[in-house]
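What follows is a single structure, written as structure tokens, with notes after it.
The values are calculated or read from the model by the stated rules, or taken from the named source; none is laboratory data. Note that the structure is a prediction, hence the values are computed from the model and not measured. Note that each Cβ is placed from the backbone with ideal geometry, even for glycine, and that neighbours are counted across all protein chains shown. Ligands, DNA and RNA are excluded from the accessible area calculation, which covers all protein heavy atoms including side chains. Shrake-Rupley method; radii C 1.70, N 1.55, O 1.52, S 1.80 Å.
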Amino acid sequence: MALLLRHSRKLRRVHGVLDWERGSIARHFSASACSAAAKGEAVSSSSVHGEYGKKVGSSSIFQDRQSGKDLHTFKVSSREARGSYSLKRMPIATGVNSLFSCGQVVSARQFSSGADLPPHEAIGMPSLSPTMTEGNIARWVKKEGDKVSPGEVLCEVETDKATVEMECMEEGYLAKIVCGDGAKEIKVGEIICITVEEEGDIEKFKDYKASSSPSAAAPAESKPQSEPVQPKEEKKEVSKAPEPTATKTEESSQSGDRLFSSPVARKLAEDNNVPLSSLKGTGPDGRILKADIEDYLSSASKGSKKEAAAAPGLGYVDLPNTQIRKVTANRLLQSKQTIPHYYLTVDSRVDKLIKLRSELNPMQDASGGKKISINDLVIKAAALALRKVPACNSSWMNDFIRQYHNVNINVAVQTEHGLFVPVVRDADKKGLATIADEVKQLALRARDNSLKPEDYEGGTFTVSNLGGPFGIKQFCAIVNPPQSAILAIGSAEKRVVPGVEGQFEVGSFMSATLSCDHRVIDGAMGAEWLKAFKSYLENPTTMLL
């Protein structure tokens with residue numbers, strides 16, 4: 001609180017208004033609901049009377065110097081705040097921002113200064129996965145005017161990994177849908193709908209339009225009344241001027257030939273392969289800031305964008321990228337640019353594996369279970385190999401390597417919506433029948449685009465099989481960060497090999513390629529894992545022990 005009062009010139013004089021001995025909670029209402037914590041059992045009447053207003057009963061009336069309007073407040077003592085209490089709405093003031101700047105503190109419950117908009121709740125786009133920054137509205141389950149209750153599905157949101165149902169948190173009525181069916185690229189936190197408590201308030205939001213999110217609207221309201229805004233703009237103009245920037249950079253380079261940059265800027269530059277020596281810092285003494293890296297990346301992307309003109313007479317169609325396709329592209333690009341890949345390939349004879357599968361499937365049919373595929377046996381062998389060589393079940397964390405105790409295998413599934421990698425948790429501890437059942441259920445949900453975050457998060461290793469479905473002999477997969485390895489399985493093929501007593505025989509061989517992150521898995525370590533994996537494939541009965 002003291003830091004806030006020192007920071008704002010308008011709040012420096014509040015020291016004289018507030019009593020600092022005991023704590024209380026005070027709340028006022030403006031165009032957007034704001035809460036402020038004050039100190040003291042009550043507002044000092046002497047300070048209030050002399051400079052701001054007068055005291056009436058249990059409430060106080062302050063007068064705004066600029067607007068001359070009376071501002072109503074009320075108080076709750078610290079003794080009452082510790083117990084249960086209720087807050088009553090007071091007459092709403094429009095000039096509160098001239099005394100208290102609350103632009104950065106916005107409640108989910110919005111209060112309007114006019115009689116046309118009653119109390120309502122603005123619901124923003126939620127963050128439904130750790131990597132989600134924006135989402136799309138697939139469809140609305142509830143319609144405008146419908147009653148909603150906690151736990152009911154409001155809409156289906158297409159995230160960066162799947163389509164997830166968004167549930168309602170409070171009881172009320174859906175008054176306005178701001179972003180309709182099919183709305184694209186909605187930022188996390190941006191308003192998508194409005195709910196009210198009373199059914200009669202629905203009509204008042206018929207023509208409601210959300211020009212910006214609540215967090216952006218509040219600072220915009222206080223901008224005309226905030227005095228320090230102009231100096232900030234002047235500082236930005238000075239920092240963007242090329243001549244002072246060049247001078248600062250030259251001075252910093254001459255003093256010891258060192259490049260000064262913030263840790264965030266260095267990390268961002270490292271992730272995007274940006275040479276710091278090619279940048280001119282705009283910070284103190286030529287220090288390179290995060291904004292400098294972002295400006296460089298944006299200018300580079302703008303410079304590389306050219307009109308994709310087709311050759312004359314060539315017919316084509318432009319297909320829009322889905323959210324999943326965009327995220328997959330960005331993650332794979334990041335993987336190839338930042339992870340030092342290397343590849344190890346081994347051929348395993350799988351005659352015994354095929355024979356074991358043919359013996360187990362009739363038992364599965366008799367018991368009503370799912371048929372066991374070659375890929376299910378591969379998942380089990382990979383999980384047991386990770387348990388035997390736990391160093392490959394790790395992630396690079398910059399300052400340390402994190403080795404996981406759980407063996408969670410992601411399985412790559414290609415669908416018409418994009419590439420999904422649902423996870424089979426603790427695959428080393430599960431039987432073949434359980435793995436077969438889980439993989440088929442997850443693949444079905446992936447094709448229906450109905451995977452939930454818990455279905456694809458938390459994997460420690462990935463298996464991608466293009467052999468069985470597509471007949472690909474051998475390929476190299478891209479590591480799925482933050483994992484450190486991915487296994488690419490090719491198809492089994494017949495080969496003539498030397499047999500006993502100088503005879504020749506035909507055997508089935510399958511190619512497997514391990515893509516490794518060299519920061520985590522050294523060559524010998526990767527070879528040791530492949531050796532264990534090959535042993536399980538060529539002697540599959542050992543997986544049952």
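Residues that are open to solvent by 50 Å² or more (accessible area, probe 1.4 Å): which strands (runs of 3 or more DSSP E) entirely in the stretch 368-420 hold 1 or more of them?
Values: elements: 394-396, 401-403, 409-411, 413-415, 418-420.
Hits in the stretch 368-420: 394-396, 401-403, 413-415, 418-420.
Scan the stretch 490-506 for residues that are open to solvent by less than 70 Å² (accessible area, probe 1.4 Å) and out of contact with any Phe, Trp or Tyr (no Cβ under 9 Å at 6 or more places or on another chain) and jot them down.
Scanning the stretch 490-506 gives Gly499, Gly502.
Restricting attention to the stretch 531-545, which residues are in contact with a Ser or Thr (Cβ under 9 Å, 6 or more places away or on another chain) and surrounded by fewer than 22 Cβ atoms within 10 Å (Cβ to Cβ)?
First pass over the stretch 531-545, keeping only residues in contact with a Ser or Thr (Cβ under 9 Å, 6 or more places away or on another chain): 533-538, 542.
Answer for the stretch 531-545, where residues must be in contact with a Ser or Thr (Cβ under 9 Å, 6 or more places away or on another chain) and surrounded by fewer than 22 Cβ atoms within 10 Å (Cβ to Cβ): Lys534, Ser535, Glu538, Thr542.
Across the stretch 432-484, which residue is farthest from the chain's Cα centre (by Cα) among those that are over 16 Å from Val378 (Cβ atoms) and aliphatic (A, V, I, L, M)?
Leu444
Looking at the stretch 132-139, can you tell me whether even one residue there is open to solvent by less than 20 Å² (accessible area, probe 1.4 Å) and at pLDDT 90 or above? Even if it seems obvious, please write down each step before you answer.
Step one: filter the stretch 132-139 for residues open to solvent by less than 20 Å² (accessible area, probe 1.4 Å), giving 132, 135-137.
Now restrict to residues that are at pLDDT 90 or above: 137.
Taking every residue of the stretch 132-139 in turn, at least one turns out to be open to solvent by less than 20 Å² (accessible area, probe 1.4 Å) and at pLDDT 90 or above.
Working carefully through the options Lys184, Lys176, Lys161, find the one that is among the charged types (D, E, K, R), crowded, with 21+ Cβ neighbours inside 10 Å and part of a loop (DSSP other than H, G, I, E, B). Let's see the steps before the verdict.
Working: Lys184 fails: crowded, with 21+ Cβ neighbours inside 10 Å; Lys176 fails: part of a loop (DSSP other than H, G, I, E, B).
It is Lys161.
Hey, Leu353 hits all of (1) assigned to a loop (DSSP other than H, G, I, E, B); (2) open to solvent by less than 30 Å² (accessible area, probe 1.4 Å) but one; which does it fall short on?
(1)
I'd like to know if the stretch 507-526 contains one or more residues that are open to solvent by 30 Å² or more (accessible area, probe 1.4 Å) and assigned to a strand (DSSP E or B).
yes
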